[in-house]
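Beneath this line is the structure, given in structure tokens, with notes to follow.
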Ligand code: ATP
């Protein structure tokens, strides 16, 4: 292997540093960090380069917002020297020879990694990593289009270095893994590949299918840990956004990736679920969108939830809730409005959305709750009631509940009406 690696002839493309950096949308502090890092690498005689997405995005003429720097040789020595010339903080370093560097003025975070090779000892398990040459570092990557690097220091200063025909694959819009065991080693690459395919409208190269077939044969998706599967699926939402979800998920369905991964997913429900998610997206935080997406995918199935790395206590709570609602649907729908609202108040939005999908009888009610009722509160708060002479305790709680009920039923509009209502309650009690 080493011989073949050494023998690889890179294709080189000269690109001026200023042109390359222009497409990286970086604050000056980050640009200055790169200039200093380049100087230190030159002084130490080390090869420093930018790798992965930023080089691909440069060739695609797309902006890029990340800095993934790679140094051949010891990153620790390199950082020590750099520290003498630039103010930064190492947020953390990992056993994978990677460093996260915080630039204090802007809060910008740079990734710096040591050029490394990887050995995969088990299907779908995390690799052992070791310090290596840049060629090995290139060849450990997922796809040819992500294996391009941009040299900042000799031997390839201000050049895109292509060892794997990544440039030609980009030109032909082809997504090609670097070798056929790639997805056996790391099945998350298939999910990554689907993201790139959808994002850049690529086609799968023949080798993609062959590598996928090998991974399925080796049951690599089943062997992938629950936390990695969850993280990878979450990147669909975090990196690509919910408008891409239908395409991403239909690619997964096309390869039956969910069932290969040990998930039992109902395709029709999934399509409907994505529509539901879109309806609600404006009232959800990014975190709630992610939670709702995973719950829609899992349904209220214990094994699915386990596979998606939900903690046992959360799974128990979700399934109990689902069963309670499923078996008491009629009773629930005939409860007085205030009681229904108080029940829903205790459930997070993501779970409510999933319930509305898997118990369609509740859909309208949950919609009304999320869009309207959950926002209806009296203007008077506990403090106001105390000022009206009500002591903290049971009575105050009951009055607040009554106020909310009147508000929900549309019988109170203004704050004055609320005050009058509270006074009438107090009067009738005394
Ligand atoms: P994005 O635009 O989604 O950020 P990216 O290519 O920058 O794309 P990252 O997840 O930031 O993606 O990873 C940076 C680089 O690290 C990739 O371009 C790829 O070369 C390499 N890489 C990341 N994950 C893997 C993996 N699972 N297997 C092999 N190489 C990987």
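The values are calculated or read from the model by the stated rules, or taken from the named source; none is laboratory data. The structure displayed is predicted, hence computed values, not measured ones. Positions of Cβ are backbone-derived with ideal geometry, glycine not excepted, and every protein chain shown enters the neighbour counts.
Values as computed for the structure displayed
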| quantity | calculated |
| --- | --- |
| Of all residues making up the range 187-212, the number that are in contact with a strand residue (DSSP E or B) (Cβ under 9 Å, 6 or more places away or on another chain), outside any helix (DSSP H, G or I) and within 12 Å of the ligand (Cβ to nearest atom) | 0 |
| Residue tally, condition more than 13 Å from residue 71 (Cα to Cα) and part of a loop (DSSP other than H, G, I, E, B), over the range 141-156 | 4 |
| Filter result (within 10 Å of the ligand (Cβ to nearest atom) and surrounded by fewer than 17 Cβ atoms within 10 Å (Cβ to Cβ)) within the range 46-65 | 62, 65 |
| Qualifying positions in the range 330-361 - outside any helix (DSSP H, G or I) and within 16 Å of residue 319 (Cα to Cα) | 346, 347, 348, 359 |
| Subset of the range 119-134 (residues that are within 14 Å of the ligand (Cβ to nearest atom) and under 24 Å from residue 169 (Cα atoms)) | 134 |
| Qualifying residues in the range 164-186 (those that are within 25 Å of residue 18 (Cβ to Cβ) and in contact (Cβ under 8 Å) with a residue 12 or more places away in the chain) - the one farthest from the ligand (Cβ to nearest atom) | 167 |
| Checklist (1) touching a residue at least 40 places away in the same chain (Cβ under 8 Å); (2) in a strand (DSSP E or B); (3) crowded, with 17+ Cβ neighbours inside 10 Å applied to residue 111, failing item | (3) |
| Some residue of the range 31-41 being away from the ligand (no atom under 16 Å from the Cβ), in a loop (DSSP other than H, G, I, E, B), over 23 Å from the mean Cα position of the chain (by Cα) and at negative phi | no |
| So residue 9, is it away from the ligand (no atom under 16 Å from the Cβ) and over 32 Å from the mean Cα position of the chain (by Cα) | yes |
| Test set (1) under 25 Å from residue 28 (Cα atoms); (2) modelled with pLDDT under 95; (3) touching a strand residue (DSSP E or B) at 6+ places or on another chain (Cβ under 7 Å) - residue 102 fails condition number | (2) |
| Residue within the range 253-273 that is part of a helix (DSSP H, G or I) and within 15 Å of the ligand (Cβ to nearest atom) present | no |
| Breaking point among (1) surrounded by fewer than 23 Cβ atoms within 10 Å (Cβ to Cβ); (2) not in a loop (DSSP other than H, G, I, E, B), for residue 138 | (1) |
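Conditions tested, residue by residue: (1) in contact (Cβ under 8 Å) with a residue 60 or more places away in the chain; (2) touching a helix residue (DSSP H, G or I) at 6+ places or on another chain (Cβ under 7 Å); (3) exposed (fewer than 13 other Cβ atoms within 10 Å of the Cβ).
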residue	(1), (2), (3)
385	no, yes, no
389	no, no, yes
393	no, no, yes
398	no, no, yes
419	no, no, no
423	no, no, yes
